[in-house]
Amino acid sequence: MFTGIIESRAVLRDKNKISGRVRLTFKAAAKKMAFHKGESVAVDGACITVTDSHGGTFSADLIAETLAATTLGRLEAGDEVNLERALRLGDRLGGHWVMGHVDGVGRIAEFRRRGGSFRLKVGAPPDIILRLVRKGSIAIDGISFTLQEIGKRFFVVGVTPHTVRVTTLRWKQPGDPVNLEADL
């Protein structure tokens, strides 16, 4: 389980096809972030298992289901992602319960400054929209947000400048795909 509070960004270093799966290798931006074989890590909100690691660099093998259900299959070398390690007993819970089981992919419809914050409007599949409640939570690329508005084909969240600075949201544009996980 995760909280949707991003610990670091990472850069995809390598992408290789191996026997019907894809191996992704990432380098974390946080200098003291180390990973261990078998550990669960949320990459843009999708829970994956570390298959190999060397300090702040780790690899994970993704199967067809993960590649089809998330944005991870679209990644290319040099792309940045959001990272969060799985919770341990006793960790602080700053966001909301996030399983790392992506429910679907949405698309950014609008991302603009609104006073001292930002307004993020995301187009989402109907099966995800049906699970949302105003003031409930949603994870977008693994980032925990509170829902402000819900339409028939979209939802809106507010974003703080801090969140824009420390996550991959700072690079997102209208039309970009994002992983979505509705609240439990």
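The values are calculated or read from the model by the stated rules, or taken from the named source; none is laboratory data. In this text the structure is predicted, and so the values were computed from the model without any measurement. Neighbour counts are summed over all protein chains in view; Cβ atoms, including those assigned to glycine, are modelled from backbone coordinates with ideal geometry. Just the protein is used for accessible areas: all its heavy atoms, side chains included, with ligands, DNA and RNA removed. Shrake-Rupley method; radii C 1.70, N 1.55, O 1.52, S 1.80 Å.
Applying the condition of being farther than 23 Å from Leu67 by Cα and among the aromatic types (Phe, Trp, Tyr) to segment 150-181 and asking which residue is surrounded by the most Cβ atoms within 10 Å (Cβ to Cβ) yields Phe155. For Asp91, the conditions (1) at pLDDT below 95; (2) acidic (Asp, Glu); (3) touching a strand residue (DSSP E or B) at 6+ places or on another chain (Cβ under 7 Å) all hold with the exception of (3).
Can Leu147 be described as modelled with pLDDT of 95 or more, open to solvent by less than 40 Å² (accessible area, probe 1.4 Å) and in contact with a helix residue (DSSP H, G or I) (Cβ under 9 Å, 6 or more places away or on another chain)?
Numbers: modelled with pLDDT of 95 or more: yes; open to solvent by less than 40 Å² (accessible area, probe 1.4 Å): yes; in contact with a helix residue (DSSP H, G or I) (Cβ under 9 Å, 6 or more places away or on another chain): no.
Judged against the criteria, Leu147 is not a match.
Checking the structure you have, find out if any residue of segment 159-172 is part of a strand (DSSP E or B), more than 14 Å from the chain's Cα centre (by Cα) and closer than 18 Å to Ile6 by Cα. For segment 159-172, residues part of a strand (DSSP E or B), more than 14 Å from the chain's Cα centre (by Cα) and closer than 18 Å to Ile6 by Cα: present.
Inspect all residues belonging to segment 88-96 and state whether any of them is open to solvent by less than 80 Å² (accessible area, probe 1.4 Å) and charged (D, E, K, R). Within segment 88-96 (the criterion being open to solvent by less than 80 Å² (accessible area, probe 1.4 Å) and charged (D, E, K, R)), the answer is yes, since at least one residue qualifies. Is it the case that Asp52 is closer than 18 Å to Leu169 by Cα and either free of Cβ contacts under 8 Å to residues at least 24 places away in the same chain or in contact with a strand residue (DSSP E or B) (Cβ under 8 Å, 6 or more places away or on another chain) (or both)? The answer is no for Asp52. The set of residues in segment 126-154 being over 17 Å from the mean Cα position of the chain (by Cα) and of a type outside the set (D, E, K, R) consists of Pro126, Ile129, Leu130, Leu132, Val133, Gly136, Gln148, Ile150, Gly151, Phe154.
Taking the criterion of being surrounded by fewer than 20 Cβ atoms within 10 Å (Cβ to Cβ) and touching a Lys or Arg at 6+ places or on another chain (Cβ under 8 Å), the residues of segment 1-16 that qualify are Glu7, Val11, Arg13, Asp14, Lys15, Asn16. Filtering segment 1-43 to residues that are more than 30 Å from Gly136 (Cβ to Cβ), in contact with an Asp or Glu (Cβ under 6 Å, 6 or more places away or on another chain) and either modelled with pLDDT under 95 or basic (Lys, Arg) (or both) leaves Arg21, Arg23.
Going by the structure shown, is Glu84 among the charged types (D, E, K, R) and touching a Gly at 6+ places or on another chain (Cβ under 8 Å)? Full working, then the answer.
On the way: among the charged types (D, E, K, R): yes; touching a Gly at 6+ places or on another chain (Cβ under 8 Å): yes.
So Glu84 passes the test.
Give me a count of the residues in segment 83-130 that are within 22 Å of Phe154 (Cβ to Cβ) and of a type in the set (A, V, I, L, M, F, W, C). Selection size over segment 83-130: 13. In segment 21-74, of all residues being assigned to a strand (DSSP E or B) and among the acidic types (Asp, Glu), the one that is most open to solvent (accessible area, probe 1.4 Å) corresponds to Asp52.
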